[in-house]
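See structure below.
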Amino acid sequence: MSRLQSAQNQRVEPREKSHTISLLVENKFGAFVRVAGMFSAKGYNIDSLSVGPTEDETVSRMTIVTRGDDQVIEQIIKQLNKVIDTVKVTDLTFESYVARELVLVKVACTTETRPEIMQIAEIFRAKVVDISPRTLTLEATGNQAKTDAIIKMLKPYTIKEMARTGRVALKREYQGEV
């Protein structure tokens with residue numbers, strides 16, 4: 001059997017895609033636990049989760065990054081809409097939106113490597129937020145590709161510690177041409 005025939009005979013699995021879901025919830029005790037519990041109870045994975053207050057003190061925004069095929073994502077959104085404290089659920093994946101992550105990276109350095117690390121920070125527009133004789137701590141913000149790239153560039157210098165936020169995202173309002 002040829003490779004083409006073999007490939008045609010194999011069952012094609014639906015592709016899992018990463019989705020960014022923006023969720024507004026009432027700022028009440030237990031809202032976060034109910035949302036996280038729903039994911040756990042249904043066996044859905046969370047790649048990233050950020051929660052914080054909004055301009056309205058009674059509402060918090062959760063930005064959840066998860067993976068799944070169309071059916072799984074549809075079920076996740078239906079289940080999120082059923083959570084008691086949910087105000088609004090939006091799958092931003094097919095919308096125009098702005099997303100950012102923050103990463104703090106503590107990198108080992110010597111007097112010889114410090115200028116190289118600072119040059120990498122400058123290229124990525126990262127800030128030096130702490131310094132010691134043996135380490136530099138950098139703060140970088142940007143999309144996931146940018147934060148992944150600076151981490152990759154710093155790995156050869158030995159990353160001592162790292163803290164990374166999840167994705168935060170807002171839908172763009174202006175959709176027209178500039």
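The values are calculated or read from the model by the stated rules, or taken from the named source; none is laboratory data. Quick caveat: nothing in here was measured; it's all calculated off a predicted structure. Positions of Cβ are generated from backbone atoms using ideal geometry, with glycine treated the same way; all protein chains shown enter the neighbour counts.
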- Message: So residue 121 ticks every box in (1) outside any strand (DSSP E or B); (2) modelled with pLDDT of 95 or more; (3) over 19 Å from residue 165 (Cβ atoms) but one. Which box is left unticked?
- Response: (3)
- Within segment 20-44, track down each residue that is of a type in the set (A, V, I, L, M), crowded, with 17+ Cβ neighbours inside 10 Å and closer than 22 Å to residue 93 by Cβ. 21, 23, 24, 25, 35
- Would a scan of segment 81-101 turn up a residue that is surrounded by 15 or more Cβ atoms within 10 Å (Cβ to Cβ) and out of contact with any strand residue (DSSP E or B) (no Cβ under 8 Å at 6 or more places or on another chain)? no
- Qualifying position, being assigned to a strand (DSSP E or B) and touching a residue at least 60 places away in the same chain (Cβ under 8 Å), among 88, 106, 160: 88
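Of the residues 119, 144, 79, which single one is on the phi < 0 side of the Ramachandran plot and assigned by TED's automatic domain parsing to the domain that holds residue 41? Break it down stepwise before answering.
Details: 119 fails: assigned by TED's automatic domain parsing to the domain that holds residue 41; 144 fails: assigned by TED's automatic domain parsing to the domain that holds residue 41.
79 is the lone residue from the list that is on the phi < 0 side of the Ramachandran plot and assigned by TED's automatic domain parsing to the domain that holds residue 41.
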- Matching residues in segment 46-76 (in contact (Cβ under 8 Å) with a residue 12 or more places away in the chain and either in contact with a Ser or Thr (Cβ under 6 Å, 6 or more places away or on another chain) or of a type outside the set (S, T, N, Q) (or both)) number 21
